[in-house]
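Report on the structure given below.
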Amino acid sequence: MAIRRAMSGRIMDRTAVVGARYMSSWWRSVQPAPKDPILGVTEAFLADQSADKVNGAYRDDNGKPVVLECVREAERRIAGNLNMEYLPMGGSVKMVEETLKLAYGENSELIKEKRIAAVQALSGTGACRLFADFQKRFCPDSQIYIPVPTWANHHNIWRDAQVPQKTYHYYHPESKGLDFAAMIDDIKNAPNGSFFLLHACAHNPTGVDPSEEQWREISHHIKAKGHFAFFDMAYQGFASGDPEKDAKAIRIFLEDGHHIGIAQSYAKNMGLYGQRVGCLSVLCEDEKQAVAVKSQLQQLARPMYSNPPVHGALIVSTILSDPDLKKQWLKEVKVMADRIIGMRTALRGNLEKLGSPLSWQHITNQIGMFCYSGLTPEQVDRLTNEFHIYMTRNGRISMAGVTTGNVEYLANAIHEVTK
Amino acid sequence: MDSVFASIVQAPEDPILGVTAAYNKDPSPNKLNLGVGAYRTEEGKPLVLNVVRKAEQLLVNDQSRVKEYLPILGLAEFNKLSAKLILGDDSPAIQENRVATAQCLSGTGSLRVGAEFLAKHYHQRTIYIPQPSWGNHVKVFTMAGLSVKNYRYYDPTTRGLNFQGLLEDLGAAPAGAIVLLHACAHNPTGVDPTVEQWEQIRQSMRSKGLLPFFDSAYQGFASGSLDVDAQPVRTFVADGGECFIAQSYAKNMGLYGERVGALSIVCKAADVASRVESQLKLVIRPMYSNPPIHGASIAMTILKNSDMYNEWKIELKAMADRIISMRKQLFDALSAKGTPGNWSHIIKQIGMFTFTGLNSDQVAFMTKEYHIYMTSDGISMAGLSSKTVPHLADAIHAAVTRCC
């Protein structure tokens, strides 16, 4: 009787159930979560149809999202040809192999010696989270030092992994550059064997990167303290236009003998955002250790998602293992990076032309997707309310959203709120 | 420099993957892999559904598609359609906006996100899971911060459900405890409660205020009917109470490696569901930010197009029917041989897996003498074909009569 009533979709007679404990919701006390400071902006952005928005992921000069031609071609090749069986827990071996070459070098001895434990991960976020969980499990007394500022989600990741976090000086607001002396001090003062999160290139959100000489010094002091260097590399190729150049910091650390970890992402440099493709690697002393570490990374992936998604990994391995497609990709990455560099030049030039009393040198000194403009939250709010320009309240501008069509408008607006 | 991870030892091999690895090494032409957790055709090949290929082509040919980030909770339309799939088109819970749904990475991801949410927001930190259950369940819940207890489920003497034990154990659970329920096609035993037993389970759980967490990995794959396989979930939701549901499209749409799934939390009220949804985002963001777009786009394309949806149902039924047919053929073969013992559980159990009741010595014998690869627990019926059933029947017969 009760089942037939249920099947008709009507709510069952309450008297048929003994006890009323289920009457009130378990979740009454659940509070609405604060809006994500970055993705919350995107939601507002998507709701606002104004053409003058500057926000989010890469856009071409028409303000349109881009699917790389090499990606379209790779998709054409793989559609309909393969099955959708589970990848191994560690993901696509081919994709991981090609990805390690990008970070460690095409002919890296470390790869040949099989010293790198590496697994496919869910883009940069997933790689960082896997590493944080791994750090918690195998170095339970350790803490992570995170730069100020950093991508907001870094704090969430290590917090949810239950790894205690500390910060180190990074951005220097007065110069809108690197607070190098304070950063070195923090490295020296951290207890030996601390873990340091470093942005390999195109620091998010400031765009401020150490110079090569500064990287060498950072490497030296980290080594002296026996710290662990973990690189988040989300923008290889996207920063300077040259993936080898963008990996310089990592290569310096490898030369110096550090056993580093790296989170790599194809979200931006291959435009694969929603495919969630990335890689976590941990450099070990030898092959045996790498095998052990990889097995443990897999043990952390298994209770999170079992095995990573196949489609995005297939795109990456198709492109990187075909010399012509790879060449095309490198060209397309350079186009994206060059466009952003061009927009930096244009924005700075426009502001100077308008006779702004402030210095805008930092716009071209900084690198990558983001520019830390130095605008205050109040100025940002004015930009939004009066000019429909959207950016996070720390003054971070997504340069990818700037085009030849809106750069003058943007410069005008910034000038208006800062003059 | 010394590695900080120098003392790390190698993790144990995944037992199921170990089976496939051993199978691959075996040169025998008669070898049979019954450890595989993925559907296989009569020819022993993996299967991509025609309707999935169609959906893929539509996506590839759609030049306007981009690969931007999905929202944290995934594709909204996919979420709505997934909730409808499990709860029914006319579900009051959906009509009343009481369901918070997040696209997640297949069943595993949905379970993990749900469990982490519970560990953060729920007053009870213990989850009861059936004995036995899918090997990964314990790890998922433990990693999420819950502690795991068992409730009796499988009865080795009957090779069926230990219903008394189940009711006793759930009856003894503290009020509000979380209870994992396999919605259909219990993994790994294939033993499901009857409709009447489900009703008793529901009443007992609701009277104790136990929170149901359904793992629905085989909807449509068990009986061949999406609605029949969803019935246990729907009766719980129909009584107005709350529950968690983890859905997977790995098997029923063959989307395995694309990692397509959804977590639905059925709440008492719409405003609660809305707040729950906002908190789900905070669990997901530090894990992987947002879910993968490709597989969910395929699933959504199929779910929202009525012709494709009907095609899917037909192909799904064909897979389920093949498995049911393998069960019947194996049972008939053992009966014809007069293999000692009661083998009716082979046709009573449902879904991809069968708990044979063979002991580990018998299993080792079958591997050595007949090149049959299986876990010590049971066999994947998906790995069988009409051609290979006789070989398996021979092996079982030999193991039971000649061995241990």
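Starting from residues that are in contact with a helix residue (DSSP H, G or I) (Cβ under 7 Å, 6 or more places away or on another chain) and part of a helix (DSSP H, G or I), keep the ones in region B:232-257 and report whichever is farthest from B:V272 (Cα to Cα). Of everything passing the filter in region B:232-257, B:G257 is farthest from B:V272 (Cα to Cα).
Would you confirm whether any residue within region A:363-382 is under 30 Å from A:G90 (Cβ atoms) and among the polar types (S, T, N, Q)?
As a first pass, look at region A:363-382 and keep what is under 30 Å from A:G90 (Cβ atoms): A:368-369.
This time we only want the ones that are among the polar types (S, T, N, Q), so: none.
For region A:363-382, residues under 30 Å from A:G90 (Cβ atoms) and among the polar types (S, T, N, Q): absent.
Within region B:359-372, the set of residues being outside any loop (DSSP other than H, G, I, E, B) and either touching a Lys or Arg at 6+ places or on another chain (Cβ under 7 Å) or farther than 13 Å from B:T20 by Cα (or both) comprises B:S360, B:D361, B:Q362, B:V363, B:A364, B:F365, B:M366, B:K368, B:E369, B:Y370. Could you figure out which of (1) under 22 Å from B:P27 (Cβ atoms); (2) among the hydroxyl-bearing types (S, T, Y); (3) not in a helix (DSSP H, G or I) isn't true of B:T356? Only one criterion is unmet by B:T356, namely (1).
Determine if region B:297-315 includes at least one residue that is of a type outside the set (S, T, Y) and within 24 Å of B:T194 (Cα to Cα).
Within region B:297-315, the subset of a type outside the set (S, T, Y) is B:298-300, B:302-305, B:307-308, B:310-315.
When the remaining residues are screened for being within 24 Å of B:T194 (Cα to Cα), the result is B:313.
Scanning region B:297-315 turns up at least one residue that is of a type outside the set (S, T, Y) and within 24 Å of B:T194 (Cα to Cα).
Please report, ordered by residue number, the helices (runs of 4 or more DSSP H) entirely within region B:125-222 with at least 1 residues that are in contact (Cβ under 8 Å) with a residue 60 or more places away in the chain. So that I can check it myself, show each step before the final result.
Numbers: elements: B:136-144, B:163-172, B:195-207.
Those helices (runs of 4 or more DSSP H) span B:136-144.
Just one of the numbered conditions (1) more than 20 Å from B:S297 (Cβ to Cβ); (2) β-branched (V, I, T); (3) in the same structural domain as B:L226 (by the TED database) is not true of B:T41: (3). None of A:G177, A:G124 is of a type outside the set (K, R) and more than 19 Å from B:Y288 (Cα to Cα) except A:G177. Exactly one condition in (1) more than 11 Å from every other protein chain (Cβ to nearest Cβ); (2) surrounded by fewer than 20 Cβ atoms within 10 Å (Cβ to Cβ); (3) not charged (D, E, K, R) is not met by B:F221; state its number. (2) is the only condition that B:F221 fails.
Here A:K288 fulfils each of the conditions (1) within 8 Å of chain B (Cβ to nearest Cβ); (2) more than 22 Å from the chain's Cα centre (by Cα); (3) modelled with pLDDT under 95 apart from (1). Taken together, the residues in region A:203-230 that are in a helix (DSSP H, G or I) and of a type in the set (S, T, N, Q) amount to 2. Here A:T125 meets each of (1) under 30 Å from A:D338 (Cβ atoms); (2) among the polar types (S, T, N, Q); (3) more than 12 Å from chain B (Cβ to nearest Cβ) with one exception, condition (3).
Note on region A:129-202: enclosed strands (runs of 3 or more DSSP E) holding 1 or more residues that are of a type in the set (S, T, N, Q) are A:165-169. How about region A:376-393: which of its residues are part of a loop (DSSP other than H, G, I, E, B) and crowded, with 20+ Cβ neighbours inside 10 Å? Residues satisfying the conditions are A:I389, A:Y390, A:M391.
Across region A:294-313, what is the total count of residues that are hydroxyl-bearing (S, T, Y) and either more than 7 Å from chain B (Cβ to nearest Cβ) or in a helix (DSSP H, G or I) (or both)? Don't jump to the end; show me each part of the working.
In the first step, residues of region A:294-313 are kept if they are hydroxyl-bearing (S, T, Y); the result is A:295, A:305-306.
Next cut, either more than 7 Å from chain B (Cβ to nearest Cβ) or in a helix (DSSP H, G or I) (or both) only: A:295, A:305.
The number of residues fulfilling the criteria is 2.
Scanning region B:328-365 for residues that are charged (D, E, K, R), out of contact with any Gly (no Cβ under 9 Å at 6 or more places or on another chain) and within 20 Å of B:P132 (Cβ to Cβ) gives a single hit, B:D361. Check region A:365-384 and report whether any residue there is closer than 23 Å to A:S175 by Cα, in contact (Cβ under 8 Å) with a residue 12 or more places away in the chain and touching a Cys at 6+ places or on another chain (Cβ under 8 Å). For region A:365-384, residues closer than 23 Å to A:S175 by Cα, in contact (Cβ under 8 Å) with a residue 12 or more places away in the chain and touching a Cys at 6+ places or on another chain (Cβ under 8 Å): present.
The values are calculated or read from the model by the stated rules, or taken from the named source; none is laboratory data. No experiment lies behind these values; they were computed from the predicted model shown. Note that each Cβ is placed from the backbone with ideal geometry, even for glycine, and that neighbours are counted across all protein chains shown.
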